[in-house]
Amino acid sequence: MKKSIYHLLFFVLMVAMLFTSCVSGKRFAASEATANRLQNENSEILNRLNASNLQGMELNEDISVLLKEKEALQQEYSSVQNDLMLLSSESGMTIRDQARRLKVLQDIIQAQTDKSASLKNLISQALFNYKSDELNVYEKDGKVYVALEEKLLFKSGSDVVDPLGREALKSLSTILNNTTDFTVDIEGHTDNMPIKTKKFKDNWELSTARALSIVRILTKDYGFDETRITASGRSEFHPVKLNSSFEGRAGNRRTEIILSPDLEEIYKLLYQ
């Protein structure tokens, strides 16, 4: 099941705050139960006192004891009532704080969602000349993906980017260089056909080398911030199509450029 990272963080925050509410709620319920018990005991003592008076009992010592018990219960009851009032006040403050934090979180999530949608549109416009079997731009899990097919970037078994692929990366870099609140992950992917050459002993090495080639072009040639970009090779283990056909294998031989929003504000809100 696919879940947006924003929804996940939102869920984590709600669970944390609900847990706090549950703790306060349990304390409140326990104190309330104690207050009810004391009220019942106080009523019982009053009934016993009234019964003693009505029957003309001469057990003055017993009556004295009952009166002392009544006084002690009243003091305990008063203390519990104060605790209940304090807990109620604390609970009210917690609820207000939770509402405030949820509102702030919702605003941050909405702002990040709007930024991701805007970024996707800008990238789509910058790369509109390319065919759907060459690259694809889409959103998933709160991130923007630019999936570039092998035919656009590389010759079979190579990590050298073709001129047409360089042009696509140049167009993309004009957008990336103007973003400050997104990080970039470059992921190389292959099909499941084994490879073993003088340069690459398996698909792990090929997929990683291709991702590194993209990183070097974006940073060295087009000036993207090196501190905001990461390269990784995923080999054949994350296919998007079946490898049982030529078309499926071609679709799996891709390099994904993944733009992830900066979540620092959300993390600060979660752990403040």
TODO: Could you figure out which of (1) assigned to a loop (DSSP other than H, G, I, E, B); (2) within 31 Å of the chain's Cα centre (by Cα) isn't true of residue 195?
DONE: (2)
Open item on the list: Residue under question is residue 197, and the condition is that it be under 18 Å from residue 160 (Cβ atoms) and at pLDDT below 95; does it hold?
Closed with: yes
Task: Test result for residue 197, more than 18 Å from residue 225 (Cβ to Cβ), surrounded by fewer than 18 Cβ atoms within 10 Å (Cβ to Cβ) and among the β-branched types (Val, Ile, Thr) - done: yes
- [ ] Could you tell me which numbered condition residue 258 fails, if it satisfies all but one of (1) surrounded by 20 or more Cβ atoms within 10 Å (Cβ to Cβ); (2) touching a Phe, Trp or Tyr at 6+ places or on another chain (Cβ under 6 Å); (3) among the aliphatic types (A, V, I, L, M)?
- [x] (1)
- [ ] Restrict the check to the stretch 146-153 and report whether at least one residue is touching a helix residue (DSSP H, G or I) at 6+ places or on another chain (Cβ under 8 Å), part of a loop (DSSP other than H, G, I, E, B) and among the charged types (D, E, K, R).
- [x] no
Open item on the list: Against the conditions (1) in a helix (DSSP H, G or I); (2) exposed (fewer than 15 other Cβ atoms within 10 Å of the Cβ), where does residue 133 fall short? Just the number, please.
Closed with: (1)
- [ ] Six or more apart or on different chains, Cβ under 6 Å: which pairs go from a residue in the stretch 253-265 that's in a strand (DSSP E or B) to one that's of a type in the set (Asp, Glu)? Could you list them?
- [x] 254/149; 256/187; 258/185
TODO: Show the residue pairs that are 6+ apart or on different chains and have beta-carbon atoms under 8 Å apart, the first residue being within the stretch 132-153 and on the phi < 0 side of the Ramachandran plot, the second being outside any strand (DSSP E or B) and of a type in the set (Asp, Glu).
DONE: 148/134; 149/133; 149/134; 151/133; 151/134; 152/134; 152/162; 153/162
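Quick check on residue 175: is it hydrophobic (A, V, I, L, M, F, W, C), assigned by TED's automatic domain parsing to the domain that holds residue 140, in a helix (DSSP H, G or I) and under 21 Å from residue 130 (Cβ atoms)?
yes
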TODO: Select from the stretch 162-194 the residues that are free of Cβ contacts under 8 Å to residues at least 40 places away in the same chain and of a type in the set (Asp, Glu) and write down the one among them that is surrounded by the most Cβ atoms within 10 Å (Cβ to Cβ).
DONE: 162
TODO: Would you tally the residues in the stretch 201-216 being surrounded by fewer than 18 Cβ atoms within 10 Å (Cβ to Cβ) and either outside any helix (DSSP H, G or I) or out of contact with any strand residue (DSSP E or B) (no Cβ under 6 Å at 6 or more places or on another chain) (or both)?
DONE: 3
Open item on the list: Quick check on this structure: which one of 140, 131, 151 is within 26 Å of the chain's Cα centre (by Cα) and either more than 30 Å from residue 192 (Cα to Cα) or not hydroxyl-bearing (Ser, Thr, Tyr) (or both)?
Closed with: 140
Open item on the list: Take the conditions aromatic (Phe, Trp, Tyr), closer than 16 Å to residue 240 by Cβ and touching a helix residue (DSSP H, G or I) at 6+ places or on another chain (Cβ under 9 Å) and apply them to residue 138. Does it pass?
Closed with: yes
Open item on the list: Quick check on the stretch 115-123. Is at least one of its residues modelled with pLDDT of 90 or more and either within 23 Å of residue 248 (Cβ to Cβ) or outside any helix (DSSP H, G or I) (or both)?
Closed with: no
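The values are calculated or read from the model by the stated rules, or taken from the named source; none is laboratory data. Note that the structure is a prediction, hence the values are computed from the model and not measured. Reconstructed Cβ throughout: ideal geometry from the backbone, glycine too, with neighbour counts over all protein chains shown.
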